[in-house]
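Read through the structure below, which is laid out as structure tokens, and then see the notes.
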Amino acid sequence: MTRIKDIVNCIEHIAPLAYQENYDNAGLVIGDLSVPVTGVLICLDITEPVLQEAKAKNCNLIIAHHPIIFRPINQLTGKNNAERCITYAIKQDIALYTLHTNLDNVAQGVNRQMAQTLGLENLSILLPKPGILSQLTTFVPQASIDPVLKALHAAGAGRLGNYTHCNFVTTGMGSFQPTSTANPHLGTAHQPEKVEEGRIEVVFPAHLETQVLRALHATHPYEEVAYYIHQLKNTDARVGAGMVGEFSQTLSSQAFLEYLKAKMRLIFIRHTAPIARPIKRVAVCGGSGSFLIQEAILKQADALVTADVKYHDFFKAEGQILIVDIGHYESEVGTKVLIHTLLSEKFASIVFLECETVTNPIYYL
Ligand SMILES: [Zn+2]
């Protein structure tokens, strides 16, 4: 039997909640983790028709890209879409889960889906997220170095880019003197002790600190474990905003726009003036990506494909880049396929459906 918590654990392993932006509200918003899953409906936005579709298709879990609750709600009187949806979901026992900027920010997320739809290769994160890595330094007697390292790695420490089990160990002399109330692994009370120890240095994702420390304490033999944790300025190349990649061949600005329109099935594009050089290197960001214009120029992208670009932001192209606004919904609609693919391969016995209700609130004439 698959419970909501099984799916939530799987999602949060792929896209940890710690990677969401600070304004966001990703995670389980309504629902009980222990409830068995009857079916899962995947959508971009939660609306009443989406909830009705979930009920009709016997799905008691909705996974949405956009949060239904962004700010605290003081009343539930059904006066707007969010309040009516929350009430309906609770009455009908439908759980609501949001997978938002945490999915934007991981390498296998929203932007990879966009980049792959466009056929871009050699993909990398456009703007790596700061403040997500920490370093543990600890001192371990020689015989315990390997077991401690093994436990730290199992807890998620020691990953650098495409490499796992990364760490550095130097040896030196550790000194201590137990007090009368100590229960030392080595040495006796009031006697100075010297032990050959290894100094282990290992990097880990900051949100795993509790489990990394638990692993350290579980395997380190000392009563008092000496360790330091530092927050690092380093970024993780696999976590951050936007993505940049390259076409195998170049295209003129006009040919690129037509290609984009066909590949993303667009009826409407807003863009800046064509640029003189051909388009080969393209940055993408699902949803509102104007904040990446400077970074895209810095990373020498010829074009930035995103949405919600304001009038004054288009001026920032300055002839250096082709800025293309393809629409918010259009840029993210592939996210339904992405979530479906990521989860259906892990839960073969559960029905995952991409919602058929079109939730785009924007119409074109
Ligand atoms: Zn969005």
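Show the residues, 5+ positions off or on another chain, whose built amide H is closer than 5 Å to the amide H of H100.
G27
Excluding same-chain residues fewer than 8 positions from K129, which lysines have a Cα within less than 19 Å of its Cα?
K233, K299
Starting from the amide H of I323, placed 1.01 Å from N in the peptide plane, find each other amide H under 5 Å away whose residue is 5 or more places distant or on another chain.
Residues meeting the criterion, in which the H sits 1.01 Å from N, are T272, L304.
Averaging over all projection directions, find the projected area of the Cα convex hull of the chain and quote it in nm² with one decimal place.
Value for the chain: 23.9 nm².
Please compute the Kirkwood hydrodynamic radius of region 1-118 from all pairs of different C-alpha atoms, in Å with one decimal.
On the way: mean 1/r = 0.0679 Å⁻¹.
Result for region 1-118, one decimal place: 14.7 Å.
Determine the percent antiparallel among the DSSP beta bridges restricted to the chain, to the nearest 5. Write out the running numbers ahead of the final one.
Working: 41 of 60 bridges.
Percentage antiparallel, nearest 5: 70.
Of A89, T138, N360, which is farthest on the positive side of the dipole of the chain, counting Cα position, with +1 on Lys and Arg Cβ, -1 on Asp and Glu Cβ, and the Cα centre as origin?
N360
Hey, how many Å between the Cα centroid of region 273-311 and the Cα centroid of region 98-147?
With region 273-311 and region 98-147 each reduced to a Cα centre, they are spaced 22 Å.
Please identify the longest segment of the chain free of exposed chymotrypsin sites (Phe, Trp or Tyr not before Pro), where exposed means a DSSP state other than H, G, I, E or B and no more than 11 other Cβ atoms within 10 Å.
24-362
Taking θ as phi - 60°, what are the ³J(HN,Hα) couplings along region 319-332 by the Karplus curve (6.51, -1.76, 1.60), each to the nearest whole Hz, with x for Gly and Pro?
For region 319-332, the Karplus curve yields x, 8, 8, 9, 8, 10, 9, 9, x, 5, 4, 4, 6, 10 Hz.
Which of the GluC sites (Glu not before Pro) across region 292-362 are loop residues per DSSP, with 11 or fewer other Cβ within 10 Å? Show your work: numbers first, answer last.
On the way: sites: E295, E318, E330, E332, E345, E354, E356; in loops: E318, E345, E356.
Of the GluC sites (Glu not before Pro), the ones in loops of region 292-362 whose Cβ has at most 11 other Cβ atoms within 10 Å are E318, E345, E356.
What's the longest piece of the chain with no exposed trypsin sites (Lys or Arg not before Pro), counting a site as exposed if DSSP puts it in a loop and it has at most 12 other beta carbons within 10 Å?
My reading of the result: 80-232 is the longest stretch.
Tabulate in residue order the Karplus-calculated ³J(HN,Hα) for region 60-76, using 6.51 cos²θ - 1.76 cosθ + 1.60 with θ = phi - 60°, rounded to whole Hz; enter x for Gly and Pro.
Using θ = phi - 60°, the values come out as 9, 9, 10, 10, 10, 7, 8, x, 7, 10, 9, 10, x, 10, 9, 9, 10 Hz.
Quick one: 3J(HN,Hα) in Hz for region 201-210, Karplus 6.51/-1.76/1.60 with θ = phi - 60°, rounded, Gly and Pro as x.
In residue order, the calculated couplings are 10, 8, 8, 8, x, 4, 6, 9, 4, 4 Hz.
Among G198, T210, G174, which residue has its Cα furthest toward the positive end of the charge dipole of region 133-231, with +1 on Lys/Arg Cβ and -1 on Asp/Glu Cβ?
Of the listed residues, the answer is T210.
Taking H as built 1.01 Å from N, whose amide H comes closer than 5 Å to the amide H of T2, not counting residues under 5 places away?
Answer set, sorted by chain and number: V37.
Would you kindly give the portion of the calculated P(r) for region 133-231 that falls above 16 Å, as a percent of all Cα pairs?
Details: 2667 of 4851 pairs.
Result: 55 percent of Cα pairs exceed 16 Å.
Roughly what would the spin-label model give for Y311 and A273, points 7 Å off Cα along C-beta, in nm?
1.9 nm
When only C-alpha pairs under 8 Å and at least 6 residues apart count, what is the relative contact order of region 133-231, in percent?
47 percent
All of the numbers you see were taken from the coordinates with simple rules; none came from a lab. Keep in mind that what you see is a predicted model, and the values were worked out from it rather than measured. Quick reminder, even Gly has a Cβ in these numbers, built from the backbone with ideal geometry, and neighbours come from all protein chains shown.
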